[in-house]
Amino acid sequence: MTPLDATFAALADPTRRRVVEALRRGPRRAGDLAEATSMSAPALSRHLRVLRKQGLVAEERIEDDARVRVYRLRRERFGELQEWLTRIEAFWTLQLDSFKAHAERPRGKR
């Protein structure tokens, strides 16, 4: 499985996408993420493990309390996803430009 495939597989789950959306606003504690997704801490932990394994989120521990974990998005994997989407979008832009050129040609030259 390629890294891009793994990213899509991790983001295929709606709960994990909700976690990503919550982290889009900034780093959050695991407990806050559990509350935001209406999940128990153990259930959310499984989703966070998948996101960490695929490099989509990073886990940080707070020095004062080793039990508290803060999660944040990692830019690298999302950058790879954006690059792929940009290539796909370029294909459609080229197709639409070709269609526009064809549609705007005078009738006799088609």
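The values are calculated or read from the model by the stated rules, or taken from the named source; none is laboratory data. Fair warning: this is a prediction, and the values are worked out from it, not measured in the lab. For neighbour counting, all protein chains shown are included, and Cβ atoms are generated from backbone atoms with ideal geometry for every residue, glycine included.
A few notes on this one:
- Sub-7 Å Cβ pairs linking a first residue in segment 6-23 that is among the small types (G, A, S) to a second residue that is in a helix (DSSP H, G or I) and surrounded by 17 or more Cβ atoms within 10 Å (Cβ to Cβ), at least 6 apart or interchain, are A10/R16; A10/V50; A10/L51; A22/L33, ordered by first then second residue.
- Single residue of R69, R46 found to be touching a helix residue (DSSP H, G or I) at 6+ places or on another chain (Cβ under 6 Å) and either of a type outside the set (S, T, Y) or exposed (fewer than 10 other Cβ atoms within 10 Å of the Cβ) (or both): R69
- Options R52, R29; residue that is within 26 Å of L85 (Cβ to Cβ) and either surrounded by 13 or more Cβ atoms within 10 Å (Cβ to Cβ) or at pLDDT below 95 (or both): R52
- Restricting the first member to segment 77-93 and to residues that are surrounded by 11 or more Cβ atoms within 10 Å (Cβ to Cβ), and the second to residues that are at pLDDT 85 or above and not in a helix (DSSP H, G or I), the beta-carbon pairs closer than 6 Å and six or more apart or on different chains are R77/G55; R77/L56.
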